[in-house]
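Down below is the structure, laid out as structure tokens.
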Amino acid sequence: MAESETFAHLEHLVHRGGAFRRTVDGRFVYEMTTDAPGADPGTEAEG
């Protein structure tokens, strides 16, 4: 059940603009964005 909840949460973020989803080797890869409404610009990941 935890996997489906995680997937649902990630998809929710994609739909509201808080993340991007792409496919790599047949798997979904999610990338978070700080451009979403209400996002804290001070939390941008380093990398």
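The values are calculated or read from the model by the stated rules, or taken from the named source; none is laboratory data. All of these numbers come straight from a predicted model, not from anything done at the bench. Because the Cβ atoms are built from the backbone with ideal geometry, glycine has one as well, and the counts that use them run over all protein chains shown. Side chains are part of the model used for accessible areas, which takes the heavy atoms of the whole protein and leaves out ligands, DNA and RNA. Shrake-Rupley method; radii C 1.70, N 1.55, O 1.52, S 1.80 Å.
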Item to check | Residue count for region 1-38, restricted to those that are in contact with a Lys or Arg (Cβ under 6 Å, 6 or more places away or on another chain) and either of a type in the set (A, V, I, L, M, F, W, C) or open to solvent by 70 Å² or more (accessible area, probe 1.4 Å) (or both) | outcome: 3
Item to check | When residues of region 27-43 are limited to those that are within 18 Å of Val14 (Cβ to Cβ) and in a loop (DSSP other than H, G, I, E, B), the one modelled with the highest pLDDT | outcome: Thr33
